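Written below as structure tokens is the structure these notes are about.
The values are calculated or read from the model by the stated rules, or taken from the named source; none is laboratory data. Treat the numbers as computed from the prediction; the structure is a model and nothing was measured. As a convention, Cβ positions derive from the backbone with ideal geometry for all residues, glycine included, and neighbour counts pool all protein chains shown. Quick note on the areas: whole protein, heavy atoms, side chains included, nothing else; ligands and nucleic acids left out. Shrake-Rupley method; radii C 1.70, N 1.55, O 1.52, S 1.80 Å.
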Amino acid sequence: QVQLPESGGGLVQAGGSLRLSCAASTRTFSRDRMGWFRQAPGKEREFVAAITWSRGTTYYADSVKGRFTISRDNAKDTVNLQMNSLKPEDTAVYYCAAGVGPGLIDNVRGYNLWGQGTQVTVSS
């Protein structure tokens, strides 16, 4: 079964930066979109950013626009999330996800495969 291990989480002060990465365990894995979601304690999992795999079109939640950048590295077959100007409210477990077939790009129901998550903590 294809896995999506995430890396790059950690503890950072407000205003700092982190870079998350996600690489499919099977490079020939076919997908239509890749996304990042996050879930804070006591809250529902929410959309952060996504990228279509064929054209590379990107989408962002309003709360992260201008601060986060999603990108893909075709050579390494990875998807990255560069997070700048981090705020304490960005603290959450961040999940990488892959969607195959038709589906909403900014909704958890649009994704079929999920990583285990990586913790991001932003201190004030």
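Points to keep in mind about this one:
- Here segment 72-124 has 48 percent of its accessible surface on carbon and sulfur atoms, given a 1.4 Å probe and all protein chains in place.
- Comparing Leu11, Thr57, Gly115 along the charge dipole axis of the chain, the residue lying farthest to the positive side is Thr57, per the Cβ-charge model.
- Here segment 1-64 exposes an accessible surface that is 45 percent carbon and sulfur, computed with a 1.4 Å probe and the other protein chains kept in place.
- Note on the chain: antiparallel DSSP beta bridges, both residues inside, total approximately 90 percent of the bridges counted.
- Relative contact order %, segment 1-62, counting alpha carbon pairs below 8 Å whose residues are six or more apart: 23 percent
- Peptides 31-38, 101-108 ranked from most to least packed, by the mean per-residue count of other Cβ atoms within 10 Å: 31-38, 101-108.
- Over segment 1-118, relative contact order from alpha-carbon pairs under 8 Å, at least 6 apart, %: 34 percent
- Approximate spin-label separation Glu89-Lys43, in nm, with each point projected 7 Å along Cα-to-Cβ: 0.8 nm
- Peptides 55-61, 85-91 ordered by packing proxy, namely the average of other Cβ atoms within 10 Å per residue, highest first: 85-91, 55-61.
- Each Lys and Arg contributes +1 and each Asp and Glu -1, all at the Cβ; summed about the Cα centre of the chain, the dipole is approximately 180 debye.
- Per residue, the chain exposes 53 Å² of solvent-accessible protein surface, assessed with a 1.4 angstrom probe and all protein chains in place.
- Lysines with Cα under 20 Å of Lys87, excluding same-chain neighbours fewer than 8 positions away: Lys43, Lys65
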